[in-house]
Amino acid sequence: MAATLMDGKALAAQMREQLKAQVAELGKQGVVPGLAVVLVGEDPASRVYVSMKEKACAATGIFSSEHKLPQETTQQELLALIDTLNQDERIDGILVQLPLPAQIDEDAVIAAISPLKDVDGFHPISVGCLAIGNPTFRSCTPYGVMKMLEAIQCDLNGKEVVIVGRSNIVGKPVALMCLAENATVTICHSRTKDLPAHVKRADVVIAAVGRPEMVKGEWIKEGAVVVDVGINRLDDGRLVGDVEFAAAAERASYITPVPGGVGPMTITMLLFNTVQSAAQRAARS
Ligand code: NDP
């Protein structure tokens, strides 16, 4: 294999140590960062994510308050809880685990979270601030991708970045973040004509599609950096990304593994945003 692996697990562990130290410093000013985690219903994957987030908070010294609501919770009830959490001075970040049950309008819930506590970075104000080049909270997975590129000192200035996927949680925000670093950005999606031609000219490829190994190794330009956000479970139980890893690694200079690449960075950036929010609270008081 020619490519160097971008080890998200190691970077996440290093960042979490730094965050722990920052939390200890804030503690000296009487500020304990607080994250409210809201889970509605019984979705097994969501329960696992929420428990991972709570454990990560505890290990970093962040106070987390857990709000588990029944599947039949109404939108009004959830909005009332968000309102209470918006007012709660111990809470610096509010995370509502998605997806929500069908009777609840996700957009309305996200919009109800105070932009000062929007540590997931999904609020229209957070997204708008990112779009105009004045970011507040950046959404966690794309921000994690940027930290990984920074860790290998990948200077995006003038580079061709090709992103496959245009979701609100990955493709679009990572495109804006790369643009802010002066990359020339192309966003590809299901209607893109000749996807291979776009990927072939990329200095940096960011794949966020959700289709196992659909970005072929032979499309990767010699020496390109490949970031694979995809997490796909195959019938045989294996986890693979959106990039044909073995073949891509023959051509790339750097590549993220799946698992152990972008995945571990997402929760780390949630902790990062929560500590940033608490630091802002400390500065205000
Ligand atoms: P979405 O399903 O929301 O978006 C997928 C995107 O891929 C869409 O923009 C879609 O295009 C595009 N697409 C689908 N098929 C093709 C195709 N044949 N050619 C080109 N583009 C295509 O997914 P997410 O952004 O939420 O997630 C993407 C992947 O990243 C998933 O595997 C997910 O599990 C993973 N993920 C990992 C995270 C982590 O922590 N590491 C966090 C979040 C996601 P169109 O818009 O036209 O439909």
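Please treat every number below as a calculation from the coordinates, not as lab data. Since the model is a prediction, treat every value here as computed from it, not as a measurement. For neighbour counting, all protein chains shown are included, and Cβ atoms are generated from backbone atoms with ideal geometry for every residue, glycine included.
Between the Cα long axis of helix 140-151 and the first principal axis of the chain there is an angle of about 50°, rounded to the nearest 10. Taking each of 53/216; 20/53; 9/200 in turn, the alpha-carbon distance tops 22 angstrom for 53/216; 9/200. The slack between residue 55 and residue 114, meaning 0.36 nm per residue of separation minus the straight C-alpha distance, is 18.8 nm. Distance between the pseudo-spin-label points of residue 46 and residue 68 (7 Å out from Cα toward the beta carbon): 1.3 nm.
Would you mind checking the tilt of helix 8-28 against the longest principal axis of the Cα atoms of the chain, expressed as 0 to 90 degrees and rounded to 10? Relative to the chain, helix 8-28 is tipped by roughly 30 degrees. In terms of other Cβ atoms within 10 Å, 150, 72, 181 run from fewest to most in the order 72, 150, 181.
So between residue 2 and residue 24, what do we pick up on full extension, going 0.36 nm a residue minus the alpha carbon distance?
Extending this stretch completely gives an extra 3.8 nm.
Phi angles across segment 172-184 convert, under the Karplus curve 6.51 cos²θ - 1.76 cosθ + 1.60 with θ = phi - 60°, into 3J(HN,Hα) values of 5, x, 5, 4, 5, 5, 5, 4, 5, 9, 6, 7, 8 Hz, Gly and Pro given as x. Annotation for residue 107 and residue 200: the two label points, set 7 Å from Cα along the Cα-Cβ direction, are 3.9 nm apart. Per-residue ellipticity at 222 nm from helix content only, as computed over the chain with -39500 (n - 2.57) for each DSSP H run of at least four residues, stands at -13500 deg cm²/dmol.
What the Cβ-Cβ distance of residue 238 and residue 10 gives, at R0 = 25 Å and to the nearest 0.05, is a FRET efficiency of 0.65.
Modelled this way, with points 7 Å down the Cα-to-C-beta line, the labels at residue 191 and residue 222 are 3.7 nm from one another.
If you take the beta carbon distance between residue 247 and residue 98 as r and set R0 to 41 Å, what does 1/(1 + (r/R0)^6) give as a FRET efficiency, to the nearest 0.05?
Numbers: r = 33 Å, r/R0 = 0.81.
Working from the Cβ atoms, E equals 0.75.
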